[in-house]
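**Q** One structure is given below, represented as structure tokens, and several questions about it will come after.
The values are calculated or read from the model by the stated rules, or taken from the named source; none is laboratory data. Here the structure is a predicted model, which is why all the values come from computation and not from measurement. Glycine gets a Cβ as well: all are built from the backbone with ideal geometry, and neighbour counts include every protein chain shown. Surface areas here come from the heavy atoms of the whole protein model, side chains and all, with no ligands, DNA or RNA. Shrake-Rupley method; radii C 1.70, N 1.55, O 1.52, S 1.80 Å.
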Amino acid sequence: MDLYQEAKEIIIKAGEQVLERNGIEEIKEKGKADYVTAVDFQVQQLIFKKLLELDDSIQFLGEEKDNEEIDFHKNIWILDPVDGTTNLIHDFQHSVISLAYYEQGKVQFGIVYNPFSKELFEAKLGEGAYRNGEKIKVSQNENLSECLIGMGTAPTYRQNADTNFKRMRNVYDGCQDIRRIGSAALELCYVACGRLDGFFEENLKIWDYAAGKLLVQEAGGQVEILENKVIASNPAIMEAFKKIVME
Ligand code: IPD
Ligand code: CA
Ligand code: CA
């Protein structure tokens with residue numbers, strides 16, 4: 001059995017539930033601007049059940065469950081059943097399922113699926129990154145002034161908004177323009193395929209970036225996680241970009 005292929009099929013199938021949005025009106029605010037809907041739970045439950053059938057010895061870390069018992073010395077599935085829940089609530093059509101497989105202290109493969117665009121981003125450690133089967137690479141822009149940068153708003157950390165928006169302003173002043181898509185996992189995939197030259201967000205969780213980080217790296221980009229800040233970009237602009245966001 002090929003865990004990778006099987007996992008991919010499970011994710012694509014689960015994408016149908018994201019599109020159906022059954023139960024989208026059942027919304028709970030877990031914390032400030034931190035939402036979960038019945039769709040998030042259904043998608044997680046479906047994927048959990050299927051992955052368990054594949055191999056019940058692999059631990060399961062999912063956003064919508066208690067992960068206290070997870071042992072990082074052992075194998076783990078890391079799932080964000082819906083990355084971009086606020087987008088899904090508004091039918092903004094930019095929400096993805098993000099799944100990573102972690103073994104021996106490293107993410108071995110990552111899959112990010114956007115059921116709206118039917119784009120599947122995938123990467124295996126050491127084997128490159130792909131979008132719908134085609135190899136992808138990060139952009140080649142060398143100057144920040146010619147770069148399009150994704151900047152997350154860290155919506156649940158409103159207390160940091162002044163600092164974050166000041167940082168955004170600084171990035172905006174140095175680059176061509178900024179974007180805020182609303183799914184960190186997808187934004188990392190956009191860095192991987194060169195649609196964005198860089199991406200930054202503070203206080204993300206492992207399920208937001210586990211798969212996307214590997215995608216960027218396998219597409220020739222760099223990802224640094226410093227003081228709980230995720231900084232991703234093509235290698236040429238990393239130093240200049242990092243300098244601004246870490247100011
Ligand atoms: C959120 C999205 C969003 C980011 C938030 C995340 P969720 O994940 O990735 O873009 O700004 O920080 O929490 O809650 O939609 O899974
Ligand atoms: Ca998320
Ligand atoms: Ca989520």
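**Q** Quantify how much of the Cα-Cα distance distribution of the stretch 97-182 extends past 21 Å, in percent.
**A** Of all Cα-Cα distances in the stretch 97-182, 53 percent exceed 21 Å.
**Q** Roughly how many percent of the accessible protein surface of the chain is carbon and sulfur, given a 1.4 Å probe and a whole-percent answer?
**A** The nonpolar share, carbon plus sulfur, comes to 46 percent.
**Q** If you don't mind, there's one more thing I want to ask. Could you work out which residue, out of Lys229, Lys30, Lys213, moves most in a Gaussian network model of the chain, that is, has the largest mean-square fluctuation with Cα springs under 10 Å?
**A** Sorting by GNM fluctuation, first place goes to Lys30.
**Q** I've got another one for you. In debye, nearest 20: dipole of the chain around its Cα centre with unit charges on the Cβ of K, R (+) and D, E (-)?
**A** Dipole of the chain, to the nearest 20 debye: 540 debye.
**Q** Right, next: Computed over the Cα atoms of the stretch 5-59, what is the ratio Rg over Rh, Rh following Kirkwood?
**A** Radius of gyration relative to Kirkwood radius: 1.06.
**Q** A further question follows. Might you tell me the accessible area per residue for the stretch 158-220, computed with a 1.4 Å probe and given in Å²?
**A** 40 Å²
**Q** Now, a different point. What number, rounded to the nearest 500 deg cm²/dmol, is the helix-based mean residue ellipticity at 222 nm of the chain, given -39500 (n - 2.57) per DSSP H run of at least four residues and division by all its residues?
**A** Counting only the DSSP helices, I get -10500 deg cm²/dmol.
**Q** Still on this structure, I have one more. Can you work out the base-10 log of I(q)/I(0) for the stretch 125-245 at q = 0.10, 0.16, 0.19, 0.20 1/Å, using the Debye formula on its C-alpha atoms alone?
**A** So the normalised log intensities work out to -0.26, -0.66, -0.94, -1.04.
**Q** Simple spin-label model, 7 Å along Cα-to-Cβ: Phe165 to Gln59 in nm?
**A** About 4.0 nm separates the two model spin labels.
**Q** Considering lysine pairs in the stretch 1-145 that are 8 or more places apart or on different chains, how many have Cα atoms under 13 Å apart?
**A** For the stretch 1-145, the number of qualifying lysine pairs is 10.
**Q** Once you wrap a convex hull around the alpha carbon atoms of the stretch 15-103, what is its projected area averaged over all directions, in nm²?
**A** Orientation-averaged projected area of the Cα hull: 6.0 nm².
**Q** Which whole number in µm²/s is D for the chain by Stokes-Einstein, with the Kirkwood Rh taken over Cα pairs at 37 °C and 0.692 mPa s?
**A** Diffusion coefficient, whole number: 182 µm²/s.
**Q** Based on the Cα coordinates of the stretch 96-135, what is the per residue volume of their convex hull in Å³?
**A** Enclosed volume per residue, from the Cα hull, is 47 Å³.
**Q** Sequence neighbours fewer than 8 away in the same chain don't count; with that in mind, list the lysines whose C-alpha is under 17 Å from Lys166.
**A** Of all the lysines, those that pass the test against Lys166 - Cα under 17 Å, at least 8 places apart if same chain - are Lys229, Lys242, Lys243.
**Q** Between Leu125 and Lys50, what length comes free when the chain is fully extended (0.36 nm per residue of separation minus the Cα-Cα distance, one decimal in nm)?
**A** Additional length available on full extension: 24.7 nm.
**Q** Continuing with the same structure: Starting from the Cα of Ala33, move 7 Å in the Cα-to-Cβ direction to define the label point; list residues of the stretch 156-177 whose amide nitrogen is under 11 Å from there.
**A** Hits in the stretch 156-177 for Ala33 at 11 Å: 156-162, 164-165.
**Q** Please give the direction-averaged projected area of the C-alpha convex hull for the stretch 206-247, in square nanometres with one decimal.
**A** That works out to 2.8 nm², a quarter of the Cα hull's surface.
**Q** Along its three principal axes, how long is the stretch 134-175 when you only count alpha carbons? Whole Å, largest extent first please.
**A** 39, 26, 8
**Q** Does the stretch 33-156 classify as rounded, prolate or oblate by the C-alpha gyration tensor (a ≥ b ≥ c root eigenvalues; a/c under 1.5 gives rounded; else a/b over b/c gives prolate, otherwise oblate)?
**A** oblate
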